[in-house]
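Comments concern the structure below.
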Amino acid sequence: MADFICPNCQAHIAHDDFVKNFLVCNHCGYHSRLGWQERLRFTADEGSFTEFDSAMNSENPIGFPGYREKIAELQRDCAAREAVVTGRCTILGCPAVICIMDSRFMMASMGSVTGEKITRAFEYGTEHRLPVIIFAASGGARMQEGIFSLMQMAKTSGAAAWHARAGQLYITVLTDPTTGGVTASFASLGDIIIAEPGVLIGFAGKRVIQDTIGCTLPDKFQSAEFVFDHGFVDTIVRRDELRPLLARLLRLHGKEAPLTAVSSQGCDYGPKPSIPKLNIVQRLELLRNLGRPTVHEYIPRIFKDFTEFHGDRYYGDDPAILGGIGTIGDIPVTLIAQVRGRDIEELKRVNFSMPHPEGYRKALRLAKQAEKFHRPVICFIDTPGAYCGVGAEERGQGEAIARNLMEFMTLKIPIISVVLGEGGSGGALALGVCDELAMLENALYSVISPKGFASILWKDAAREQEAAKLMKITAEDLESFGICNTIIGESEGGAARDIDLTAKNLSAFLLETLKRLTAEEPETLPEKRYSKFRAIGIFSE
Ligand SMILES: [Zn+2]
């Protein structure tokens, strides 16, 4: 076989090496386009694929000259009747409906047959309660079929809606290129949207955009990375990692694991009376220390198979809030966490733990996704407050926080919030509408940071410590007010001294609370949650 010449870096690669590397350039990582046969081979378990609707053929609905001949020629070249091949298979043992679009077939444009086959694949998934995975690739709607092709966008989106209503998982994998009417229909509707690196993803063609607005386009415009930065893709994954990821996601969305596998009985996770309590000023210092463990230290110690998802699907991905799914003691859960920086680089990247509206919107998206799959939500609070800035106001910081307070109140799934460090203002509360609120022993939770308090009430931010003493913001204070339900012990001298021990306590609390809350009727949770918040307030009359 001839060498492969990479169109991106012009390297010559021996055919066998290229195939072994999933048809990805060994030099620059360029992901070449795949025919449906290779994609199937790289994805499905051998011999597990059963094809659907293999005999369905295109007609020529508007009498487009030469259309039939073109289709006949492509059918011979691609060994497929149309631009999509559909069927069911298993992936590392997990069953799924799979649709593979093949860009060699008229740039995988969507006509009646492609639309119908994808619709039937969704219907099969709905009827048999199976997840659907679509490998999208397309130039858009098929103009040779006129208005019939446009209507396939609505038809396939409708089929996706009924599949979603049946509570089934839908994953899209965006490959090179995913554009036009396919981007503007089923390809953008996955519960989880994955993209291969560097691929073209967009709605309108670059040339059309350039001609319309007459200016140069930004760097990496319409690349997977560009779309990721703007919040529309959950994760970008190399081809060699795709199959294990898909299998993991299918497993995490399978039948709920039995809770009997979990044991936390007799585990005491509260603060040890033998450990002297730190005073408020010491706690404030402790929380400011860059060595204090963050969500990144707790994830590997508490969660298994954790997979991070990104983006709010509106504007961007906010690194100040991390979200994803994993398991605790075999229970699949969604984690939503504010991220503290551990060094100056990370502090800047996570905007000093001050989320933007897109962070809160990502949190809500993932919480709604959790509700669809009956998965409990765990929130880790660790922020001095929501970001104050022009962009945050332009994109509706207040609306984003308010929306979360309202929507989290009625989610029919258990919600557990834990304050890890500082819990400041509405920016913290946006992840704090929950069934059970816990605080790490030295965490603080307040209406505003002590510094903000001093600066607003006394016009003197330097009086921060004095403010902290006055504000009643420790875990003990909040427990005495009936707002914090549980205090989780830290190691002596703070969580950083023994991260494993603090993580063990946190894990034991989460397990026990998950067991208790998942045993309750999901329908009753919102009512109890509201009653809890409804009862908060001190007044006389
Ligand atoms: Zn290359």
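Conditions tested, residue by residue: (1) of a type in the set (S, T, N, Q); (2) assigned to a helix (DSSP H, G or I); (3) outside the structural domain of Lys304 (by TED's automatic domain parsing).
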| site | (1), (2), (3) |
| --- | --- |
| Ala438 | no, no, no |
| Ala454 | no, yes, no |
| Lys469 | no, yes, no |
| Thr502 | yes, yes, no |
| Ser540 | yes, no, yes |
* Structure fact -> Selection over segment 97-132 where residues are among the β-branched types (Val, Ile, Thr), surrounded by 24 or more Cβ atoms within 10 Å (Cβ to Cβ) and in contact with a Phe, Trp or Tyr (Cβ under 8 Å, 6 or more places away or on another chain) yields a count of 5
* Structure fact -> Counting only helices (runs of 4 or more DSSP H) wholly inside segment 1-96, the ones holding at least 2 residues that are more than 16 Å from the ligand (Cβ to nearest atom) and either surrounded by 12 or more Cβ atoms within 10 Å (Cβ to Cβ) or outside the structural domain of Thr178 (by TED's automatic domain parsing) (or both) are 36-43, 67-78
* Could you list, in sequence order, all residues of segment 141-154 that are surrounded by 16 or more Cβ atoms within 10 Å (Cβ to Cβ) and under 26 Å from the mean Cα position of the chain (by Cα)? => Met153
* Asked: Hey, Ile201 hits all of (1) under 18 Å from the mean Cα position of the chain (by Cα); (2) over 28 Å from His128 (Cβ atoms); (3) buried (at least 23 other Cβ atoms within 10 Å of the Cβ) but one; which does it fall short on?
  -> (1)
* Could you tell me which of the residues Ile401, Ile378, Ile413 is at pLDDT 95 or above, β-branched (Val, Ile, Thr) and part of a strand (DSSP E or B)? => Ile378
* To do: Scan segment 477-500 residue by residue and report those that are surrounded by 15 or more Cβ atoms within 10 Å (Cβ to Cβ) and over 15 Å from Gly291 (Cα atoms).
  => Asp477, Leu478, Glu479, Ile483, Cys484, Asn485, Thr486, Ile487, Ile488, Gly489
* Asked: Taking the condition within 24 Å of Arg129 (Cβ to Cβ) and out of contact with any strand residue (DSSP E or B) (no Cβ under 8 Å at 6 or more places or on another chain), does Glu116 pass?
  -> yes
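The values are calculated or read from the model by the stated rules, or taken from the named source; none is laboratory data. From a predicted model like this one, the values you see are computed outputs, not experimental measurements. Backbone-built Cβ (ideal geometry, glycine too); neighbour counts: all protein chains shown.
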